[in-house]
Structure formats: structure tokens, C-alpha cells
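Here's the structure, in C-alpha cells; my notes come after.
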Amino acid sequence: MNWLFQPWPWYIAGPLIGLIVPLLLLIGNKTFGISSSLRHMCAACLPANIPFFKYDWKKEAWNLFFVGGILVGGFLTVLLIPNKGAVDVTPALAKDLATYGITDYSGLVPAQLFTWSTLLSVKGLLLMVGGGFLVGFGTRYAGGCTSGHAISGLSNLQLPSLIATCCFMAGGFLMANFILPIILSL
Amino acid sequence: MSDQPISNEEETIEYETRHLDSACLNESHLKHPWWYNLKYLLVGLLFGVIFVKAEIISWFRIQEMFRMESFHMYGVIGSAVAVGILSVFLIKKFNIKTIYGEEVEFKAKTFNKGHIIGGFMFGLGWAMTGACPGPLFAQIGTGATVIAVTLFSAIAGTWIYGYFREKLPH
């Protein structure tokens, strides 16, 4: 049972995630995707007569149950079968992060960047509020996120999803290698 | 458009929206009581467990991916896609039905400029937050409560997109 308390390798996690695609299709004709849940929340809470939010969100409520399950899953994993020890960070990344004072790898979310006390710093606002905004705006503009495009879309061999996935990667490369170092040094 | 009844116009908008944004919309034509949705909560729960156990929701793993310093995330996404492609192929080939006997429906996506511009913006945000939308929920679940602010900001971003949607290039 030791494996339960260790981080799982990619060749266990990846195929299991891939199986979610047929699972959702076969238990109710649902296309695997997560970012739409954000749209359903807008439609449910503040449609404001905007055409994009005027649809029957209750018909899509399954998606809200799905993301609710993800949250509960995260909670239960930490409670019952947590990963023992700190995140094993690659030496090259650890060396670079140390120059910005980030040395605590005890959490999956770095405690030195993402906490309530750093929220109101320039760095915190940029990373959490600015980053979150880009995630929400960008995924909806692109019509999907990693799950909707990179996994479901590619599973169905959709060219637009391949283009979107390449653009996700391009944006990520630019941010992680060139812009993030500037933000972290603020 | 103006001489058509409103309901038609709304239908057209909904159709166009679905066309642009085909991901994640429900294709089932069956009507079930709400508690049928609990099975999606269970699937989500399983997904949340994998997210945490394979450290997919770790900001560090996402940085390693974008800095090309680790194979882990490429392995996760690549093998997920491989299993997904095989599954979809098998469902189509053997015309496998849902547990309620419905035909499984696949939708073709139509390319628009949003895939490029929006995709690029999402990539920037992904590297900043170290999370795509799914992991945001899991991170909150693991006790990183401040990520609720990031999630709220993502919902706000979605709303702002909806507000300006007609003015944006597609």
C-alpha cells in the first residue's frame, strides 16, 4: 500500500485521465471539459442579459457537479492519502527559484507566492488576480482549456484543438521563461 | 434578424455560441432528476485524486513543463491523449452506446481566431497560476484557500469575455 502515499508516475495518471473521456461519454453523452463550468457559473449568478450567458445552464449542471467533485477529491486526497514529503523539484528550477527567494517546496502550491498575506503585494496581485483573469478570459475565448481542447478535442482529432493546444504551450513558454522571471523579481 | 421573433433570435445566438464554443456542452437529450448528476461528482472526485497524487496541480510541475526540465507533464498529457484517441476510435468503430442506450455524439469544432488569441492568453495565465481551470478547484480542495481568489478572477475573466464577445475578433 506504500504506493498510495507516494506521488504517482505519469504512466499511471495519464491513462487514467484519458479514460475519463470515454467514461463521461458512456455514462451520459458528456464531453470532457472543465472551463465551461466557469461560464455556467456566470450564467447562473450574473447573466446580466448578455447573450453569451442566456442559455439553460441547469441543463449543464453535470459540469458543476464534476468540478465540485474535483474539489472534494483534492480535499480527501490530502486528508487520507497525502503525498509524503516535499515536492521533488528539478535542480535547475530549484536553483533559479532560489534566486527569487522561493525555497519552500512543502506544498503543491508554493506557500511563498500564493498565500493570503502575499495577495495584496504587486507580485501576488499579478499572479493570482491577473493570472486567474487570463485563465478565465483566455479559455473561454479559445473555447476550451487543457481538458476540452488538449484532451477531448485531440481525442476526437480536431484540428482547431491542436491549434489551440499549440497556442497554450506558446503562451506558457513565453511566460515561464521570459515574463515570469520579471514578475518574480518584483 | 430584426423581423424575426425573439425566441428565434435567441436560438440563433445559442446555435452560433455552441458552434464557437462546442466544448463541454451537454449532448444528451434525456431528462433525468438532479441526483443522476451525482455520478459526475464521483468522476470528478476520481479526477481530483489523480490531480493531487500525480502532482498535476503543482505550480512547480507546470514550471518544469514550460521550462522543458521534466518529462512528467508531457507524459501525463501525451498518454491521456493516446488513451482518449483509442477510446473515441473504439466507441465510433463499434458504435458503443451510452448506459442509457443513446448514441454517443461527437461534435466537430470550427476554427476561429479565438483559438489562437485566447489560447495564447490562457497559456500565459497557466504558467502564472500554475493551474488550468480543473486544478484550481483541486488546489482549493487541498487547503490553498487563497486560490479561491484566482478562481473568482477566472470567473470574472469569463464574464468579461462574454460581455465583450461581439467586439472581439473570431
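Bear in mind that the values in this text are calculations on the coordinates, not laboratory data. In this text the structure is predicted, and so the values were computed from the model without any measurement. Heads up, the Cβs are rebuilt from the backbone with ideal geometry, glycines too, and the neighbour counts pull from every protein chain shown.
Summary of computed values
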quantity: Trypsin sites (Lys or Arg not before Pro) within the range A:29-132, DSSP loop, no more than 15 other Cβ atoms inside 10 Å; calculated: A:LYS84
quantity: Separation of the A:TYR11 and B:HIS29 label points, Cα + 7 Å toward Cβ, nm; calculated: 4.4
quantity: Estimated FRET transfer efficiency (A:LYS95, A:VAL122; beta-carbon r; R0 25 Å; 0.05); calculated: 0.55
quantity: Angle between chain A longest axis and helix A:10-26 axis [Cα atoms, degrees, rounded to 10]; calculated: 20
quantity: Percent breakdown of C-alpha pair distances by 10 Å bin, ordered from the shortest bin, for the range A:1-83; calculated: 15, 35, 30, 15, 4, 0
quantity: Positive-end residue, the protein assembly as shown charge dipole about Cα centroid, Cβ charges, pick of B:ILE62, A:VAL67, A:PRO160; calculated: B:ILE62
quantity: Distance in nm between pseudo-label sites at A:LEU80 and A:LEU174 (7 Å out along the Cβ direction from Cα); calculated: 4.3
quantity: Phi to ³J(HN,Hα) by Karplus 6.51 cos²θ - 1.76 cosθ + 1.60 over the range B:56-70, Hz, x for Gly, Pro; calculated: 5, 8, 7, 4, 5, 5, 5, 4, 4, 5, 6, 9, 6, 9, 8
quantity: Pairwise centroid distance, computed over Cα atoms, of the range B:32-86 with the range B:102-165, Å; calculated: 15
